[in-house]
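Heads up: the structure comes next, in structure tokens.
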Amino acid sequence: MVFTDYVFYSLAAILLFAGLRVITTRNPVQAALFLVLAFFTASGIWLLLEAEFLGIVLVLVYVGAVMVLFLFVVMMLDINTDQLREGFWDYLPMAGFIGALMAGEMVLVLGGPYFAPSEKVNHAEGYSNTAALGHVLYTDYLLPFELASVVLLVAIVAAIVLTLRDRKDSKFMNPAEQVIVRRQDRVRMVTMPAEVEQPVKAEASPLETK
């Protein structure tokens with residue numbers, strides 16, 4: 001084994017540990033931090049595979065933007081984890097079935113010809129893995145790439161529809177009505193007479209009256 005093999009197995013062990021802690025820890029902030037650790041270790045594995053572009057994008061996009069947003073939302077919402085975990089074990093059979101199904105699919109995909117071990121390729125001078133990735137993505141995998149983009153677009157539209165659906169107890173603002181509002185429609189000047197408070201006369205004590 002060479003030095004890169006030791007680095008790979010170390011990063012893989014850290015990645016598996018961080019992934020398990022994401023789904024087993026009780027604190028949502030700690031779960032988000034473990035997910036950040038998983039992203040960093042996955043980025044290191046990408047760098048070992050000479051995919052520098054994917055490693056940098058993983059850190060910049062997910063760690064630098066998505067996970068920071070998750071941390072802000074989790075810390076501002078003050079989520080009650082005890083209430084969320086009620087009835088957790090009731091979903092275990094269905095979750096176990098779906099997990100086993102996804103694991104089987106991953107084994108079938110990784111066992112395909114695209115993931116067969118191959119010898120190290122010596123790239124020519126001026127080789128760019130970004131250009132090679134774009135070439136393969138937009139030629140051999142153009143249809144799956146477009147299907148994935150359609151699925152993401154449908155997910156975005158569905159999230160917006162679920163969020164902005166009309167409910168009786170929802171309160172919202174109409175920016176168009178706020179822009180055209182006039183002062184006389186919101187503020188009314190009323191003239192009222194001033195009330196002057198009369199001074200209170202001090203009562204004479206019984207000794208002074210005698």
- Query: How large is ³J(HN,Hα), in whole Hz, for each residue of the stretch 102-108 in order, when computed from phi with the Karplus curve 6.51 cos²θ - 1.76 cosθ + 1.60 and θ = phi - 60°, using x for Gly and Pro?
  - Reply: 5, 5, x, 5, 5, 5, 5
- Item | Heavy-atom accessible area order for D5, D140, largest first, 1.4 Å probe | D140, D5
- Note on the structure: Expected field for Y141, accessible surface area in Å² at 1.4 Å probe radius, rounded to 10, holds 80 Å²
- Can you send over the solvent-accessible area of L108, 1.4 Å probe, protein chains only, in Å² to the nearest 10? 140 Å²
- Packing-ranked peptide list from 29-42, 126-139, 48-61, highest mean Cβ count within 10 angstrom first, is 29-42, 48-61, 126-139
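The values are calculated or read from the model by the stated rules, or taken from the named source; none is laboratory data. Worth saying up front: this structure is predicted, and the values here are computed from it rather than measured. Every residue, glycine among them, receives a Cβ derived from its backbone with ideal geometry; neighbour counts consider all protein chains shown. The area values use the complete protein model at the heavy-atom level, side chains included, leaving out ligands, DNA and RNA. Shrake-Rupley method; radii C 1.70, N 1.55, O 1.52, S 1.80 Å.
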